[in-house]
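K.L.:
Quick one: the structure is below, questions incoming.
What follows is calculated from the coordinates using simple rules that are stated; it is not laboratory data. For clarity, every value in this text was computed on a predicted model and none was experimentally measured. Every residue, glycine among them, receives a Cβ derived from its backbone with ideal geometry; neighbour counts consider all protein chains shown.
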Amino acid sequence: MSHNPADYAYIIGRLRALETRLPTANVLERMIDADSANAAFQVLNDLTFVSGSIGEHTADEFQTVLTEATKKMSRLLFKMSPNLDTLKFLWLKYDFHNLKVTLKARLVGHGYADVEHALVDLGCLRAEDWEQFVLEGKIPALTKGMHETMEDAARQYGKTHDPQIVDLIVDKHYLEEMLMMARRFRSALTIGYLQRLIDLTNLKTFIRCKELKEEESYLEAILLHGGRVPATVMTESYPKGYEELKSLLEQKMHADELALVLDEFLKEKTLLAAEKKITELLQSYMDESKKMSFGPEPVFAFFWRFENHMQILRTILVGKRNQLSADDIHKHVLTL
């Protein structure tokens with residue numbers, strides 16, 4: 001990554017202008033209130049970043065449209081970025097996602113045709129590489145960190161025979177590797193974001209494990225390290241439950257956001273309520289990047305907001321296809 005923050009002045013200026021074209025709350029409400037999935041899909045024609053990807057696609061193919069829109073955005077950032085390491089940092093999540101999909105396929109005995117539709121062709125590794133991995137169990141370009149992730153996830157799967165453990169272990173390694181990269185790049189805003197995300201992910205993990213009555217050893221295996229709140233807070237309070245966790249959080253520095261999310265969960269008794277609060281807190285934090293005029297942080301923050309908007313569009317269109325009411329869709333949209 002460039003060591004000269006001023007190198008990013010041009011791309012930041014462009015992104016400031018592009019950000020004004022992200023879907024507004026009014027457009028999203030129009031989609032939610034549309035009388036059919038097709039009518040909601042047609043609203044995408046009004047969105048600068050999506051309309052060019054619609055072509056001859058129908059409402060049933062909205063996933064393809066949104067993925068193509070994300071690819072176009074990635075190509076645009078690729079052209080404007082002063083340093084490609086910035087983009088590797090952004091695209092890493094897709095390589096870890098594809099590792100998760102293909103590793104589970106190998107572990108449960110599925111073929112490439114069974115999972116090809118779930119792969120996202122946005123990472124640094126090509127779709128052909130993942131096909132080779134499913135068929136042969138190896139990828140020449142697999143990084144050391146991803147190789148260690150694969151071994152850890154396969155080992156944990158061997159103990160539990162639970163495919164979900166693969167998702168949790170891969171996500172754990174992904175966030176921890178992202179944090180190491182951010183520290184190497186000395187990106188304060190990104191480090192802060194990842195530390196918060198690690199803490200909040202640990203809280204979600206605690207809640208899931210508690211609700212499913214998992215063993216404490218299971219929780220310990222999937223907790224992340226590197227956040228601002230020690231993971232031991234989760235393990236220490238796990239036997240006694242939510243009230244003990246709340247008490248410990250009140251005694252720790254940097255735990256205010258966790259306490260807010262926990263309160264939201266205890267009030268609503270749904271993980272979705274906790275996730276909506278998490279997204280709200282992360283959005284508020286990422287808004288700090290708008291005060292920055294130099295460095296890679298605004299690039300990260302823009303792409304984070306862009307992906308968040310793409311996910312909102314997916315959630316709305318899935319809801320419309322399933323004929324959910326506007327109120328029910330609102331419950332599942334993490335932020336507007």
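K.L.:
Can you give the Rg/Rh ratio of the range 84-186, where Rg is from the C-alpha atoms and Rh is the Kirkwood radius? Kindly include the intermediate steps, with their values, before the conclusion.
P.N.:
On the way: Rg = 13.3 Å, Rh = 13.8 Å.
With Rh from the inverse mean 1/r over Cα pairs, Rg/Rh is 0.96.
K.L.:
Which FRET efficiency value, to the nearest 0.05, do you get for Asp152 and Leu271 by plugging their Cβ-Cβ distance into 1/(1 + (r/R0)^6) with R0 = 30 Å? Please report the intermediate quantities before stating the final value.
P.N.:
Working: r = 25 Å, r/R0 = 0.83.
My answer for the efficiency is 0.75.
K.L.:
Would you mind calculating the relative contact order of the chain from Cα pairs under 8 angstrom and at least 6 residues apart, reporting the percent as a whole number? Don't skip to the answer; put the middle values down first.
P.N.:
Details: 351 pairs, mean separation 70.1, N = 336.
Relative CO of the chain lands at 21 percent.
K.L.:
I need the fraction of alpha carbon pairs in the range 189-295 separated by more than 19 Å, rounded to a whole percent. List each step's numbers first, then the result.
P.N.:
Values: 2413 of 5671 pairs.
Cα-Cα pairs in the range 189-295 separated by more than 19 Å: 43 percent.
K.L.:
Same structure, new question: Determine the sum of side-chain charges near Gly123: Lys and Arg each +1, Asp and Glu each -1, restricted to other residues whose C-beta is under 13 angstrom from that of Gly123.
P.N.:
Numbers: positive: Lys71, Lys88, Lys93, Lys100, Arg126; negative: Asp95, Asp121, Glu128, Asp129.
So the environment of Gly123 carries a net charge of +1.
K.L.:
If the convex hull of the alpha-carbon atoms of the range 1-66 is projected onto planes in all directions, what is the mean projected area in square nanometres?
P.N.:
Taking the Cα atoms of the range 1-66, their convex hull projects to 6.0 nm² on average.
K.L.:
Nearest 0.05, what FRET efficiency do Asp85 and Thr160 give at R0 = 25 Å with Cβ-Cβ as r?
P.N.:
Working: r = 36 Å, r/R0 = 1.44.
The computed FRET efficiency comes out at 0.10.
K.L.:
Turning to a different aspect of this structure: What full-extension length gain, to one decimal in nm, is calculated for Glu29 and Glu116 as 0.36 nm per residue of separation minus the Cα-Cα distance?
P.N.:
Working: separation 87, 0.36 × 87 = 31.32 nm, distance 3.29 nm.
Full-extension gain reported as 28.0 nm.
K.L.:
Further question: Work out the length of the dipole vector of the chain about its Cα centre, built from +1 on the beta-carbon of each Lys and Arg and -1 on the beta-carbon of each Asp and Glu, and round it to the nearest 20 debye. Intermediate values should be presented prior to the final figure.
P.N.:
Working: 42 positive and 50 negative charges, 164 e Å.
Dipole about the Cα centre, nearest 20: 780 debye.
K.L.:
Along the Cα→Cβ direction, 7 angstrom out, place labels at Asp46 and Met180. What is the inter-label distance in nm?
P.N.:
4.7 nm
K.L.:
Please compute the length gained on full extension between Glu61 and Lys291, using 0.36 nm multiplied by the number of residues separating them and subtracting their Cα-Cα distance.
P.N.:
On the way: separation 230, 0.36 × 230 = 82.80 nm, distance 3.78 nm.
Working it through step by step, the gained length comes to 79.0 nm.
K.L.:
Something else now. Can you compute the helix-only [θ] at 222 nm over the chain? Use -39500 (n - 2.57) per DSSP H run of at least 4 residues, normalise by all residues, nearest 500 deg cm²/dmol.
P.N.:
Values: 18 runs with 236 residues, N = 336.
So the calculated ellipticity at 222 nm is -22500 deg cm²/dmol.
K.L.:
Using square roots of five times the C-alpha gyration tensor eigenvalues, list the equivalent-ellipsoid semi-axes of the chain in whole Å, biggest first. Working shown, then result.
P.N.:
Numbers: eigenvalues 177, 126, 116 Å².
Equivalent-ellipsoid dimensions as semi-axes: 30, 25, 24 Å.
K.L.:
Using a Förster radius of 45 Å, what is the FRET efficiency between Lys144 and Lys246 based on their Cβ-Cβ separation? Nearest 0.05, please. Could you put the intermediate results ahead of the total?
P.N.:
On the way: r = 39 Å, r/R0 = 0.87.
That pair, Lys144 with Lys246, gives E of 0.70.
K.L.:
Contour minus end-to-end for Ala9 and Arg75, with contour as 0.36 nm per residue of separation and end-to-end as the Cα-Cα distance? Spell out each step's value before the answer.
P.N.:
Details: separation 66, 0.36 × 66 = 23.76 nm, distance 1.86 nm.
Residue separation times 0.36 nm, minus the Cα-Cα distance, leaves 21.9 nm.
K.L.:
Continuing with this model, one more query. List, in order, the whole-Hz ³J(HN,Hα) value for each residue of the range 259-275 obtained from phi through the Karplus relation with A = 6.51, B = -1.76, C = 1.60 and θ = phi - 60°; use x for Gly and Pro.
P.N.:
Result, rounded to whole Hz: 4, 4, 5, 4, 4, 5, 5, 5, 6, 9, 6, 9, 5, 4, 4, 5, 5.
K.L.:
Could you give the nm distance between label points at Leu260 and Ala39, where each point is 7 Å from its Cα heading toward the beta carbon?
P.N.:
Roughly 3.6 nm, to one decimal.
K.L.:
So, one more: Enumerate the aspartates and glutamates that Lys277 could reach by cross-link, defined here as Cα to Cα under 16 Å, with residues fewer than 8 away along the same chain left out.
P.N.:
Reachable aspartates and glutamates: Asp199, Asp256, Glu257, Asp263, Glu264, Glu268, Asp287.
K.L.:
Further question on the same structure: Longer than 30 Å from Cα to Cα, which of Lys144/Lys291; Lys172/Lys210; Lys144/Lys276; Lys138/Lys204; Lys72/Lys159 are they? Say none if no pair is.
P.N.:
Values: Lys144/Lys291 36 Å; Lys172/Lys210 18 Å; Lys144/Lys276 34 Å; Lys138/Lys204 32 Å; Lys72/Lys159 41 Å.
Result: Lys144/Lys291; Lys144/Lys276; Lys138/Lys204; Lys72/Lys159 exceed 30 Å.
K.L.:
On to the next question. I need the phi-derived Karplus couplings for the range 104-119: 6.51 cos²θ - 1.76 cosθ + 1.60, θ = phi - 60°, integer Hz, Gly and Pro marked x.
P.N.:
4, 4, 5, 5, 9, x, 8, x, 4, 4, 6, 10, 3, 5, 8, 7
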